[in-house]
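*Asks:* Can you read through this structure? Questions will come right after.
The values are calculated or read from the model by the stated rules, or taken from the named source; none is laboratory data. Please read all numbers here as calculations on a predicted model, not as lab measurements. Virtual Cβ from ideal backbone geometry, glycine too; neighbours counted across all protein chains shown. Each accessible area value is taken on the protein alone, full model and side chains, heavy atoms only, with ligands, DNA and RNA left out. Shrake-Rupley method; radii C 1.70, N 1.55, O 1.52, S 1.80 Å.
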Amino acid sequence: MKRRHAQHAITSDEQIARYAYVLGNVPASVADNAYAAAFSRLSASQREEIIGQLSAELPNAPEERASVDPGAFARLMRDLHARDAIVRIRDGAIVAAAFVASPPIVAYFTIGAGSVTMDQQPPWIHQLAGHETAPVDGGRTHHRHGPPGFAGLDHENSGDSREW
């Protein structure tokens, strides 16, 4: 029987921290795709507001295309100044949440290279990718006794790894 963890609201600071963690652990190509996917999920008014807030923070204002084209927004976010600004703007947590939950990030940790490192990931990454976080077997690989004998050898192998 699986235990369900109570859902709690994630604060803006926690959302930004998750964004920073994911950004530091995915390849640049996955991040580009995640920025584009996240931005495309936002409403037109949210996009305009975010670009406006970024424009106020950046020395060089983003081009107007970045407010409507997710690919242009992804290219803008390659700039370290823009990445720094996104965590400081009022609506940065909205972008952070959309980035972390975007299909490219989920796929990276579900079936991509990130799935190989799931044992080292925090529990919220496990939830994001749909992995069970609790070790069920306590380190054993077999839970039931198997058939006696093993390929004609003269010893009994019950299939329980504790006996190997």
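*Asks:* Quick one: 3J(HN,Hα) in Hz for segment 41-54, Karplus 6.51/-1.76/1.60 with θ = phi - 60°, rounded, Gly and Pro as x.
*Replies:* Each residue's phi maps through the Karplus curve to give 7, 7, 6, 4, 5, 5, 4, 4, 4, 5, 5, x, 5, 5 Hz.
*Asks:* Another question about this same structure. Got a sec to turn the phi values of segment 116-130 into Karplus ³J(HN,Hα) couplings, 6.51 cos²θ - 1.76 cosθ + 1.60 with θ = phi - 60°, whole Hz, x for Gly and Pro?
*Replies:* Here the 3J(HN,Hα) series is 5, 9, 4, 5, 9, 8, x, x, 5, 5, 4, 5, 4, 8, x Hz.
*Asks:* According to a simple spin-label model (label point 7 Å from Cα along Cα-to-Cβ), what is the distance in nm between I10 and A107?
*Replies:* 2.0 nm
*Asks:* Using a 1.4 Å probe on the protein heavy atoms only, what accessible surface does H81 show? Give it in Å² to the nearest 10.
*Replies:* It works out to around 110 Å².
*Asks:* How long is the gain from R83 to H131 if the chain were fully straight, where each residue apart is worth 0.36 nm and the alpha carbon distance is subtracted? Could you put the intermediate results ahead of the total?
*Replies:* Working: separation 48, 0.36 × 48 = 17.28 nm, distance 2.89 nm.
Fully extending the segment from R83 to H131 adds 14.4 nm.
*Asks:* If you don't mind, another one. Distance between Cα centroids, segment 58-96 to segment 35-54: provide it in whole Å.
*Replies:* Using only Cα atoms, the two centres lie 8 Å from each other.
*Asks:* Compute, for segment 1-107, the length of the dipole vector about the Cα centre, with Cβ point charges of +1 (Lys, Arg) and -1 (Asp, Glu) only. Units Debye, rounded to 20.
*Replies:* Numbers: 12 positive and 12 negative charges, 129 e Å.
So the magnitude is around 620 debye.
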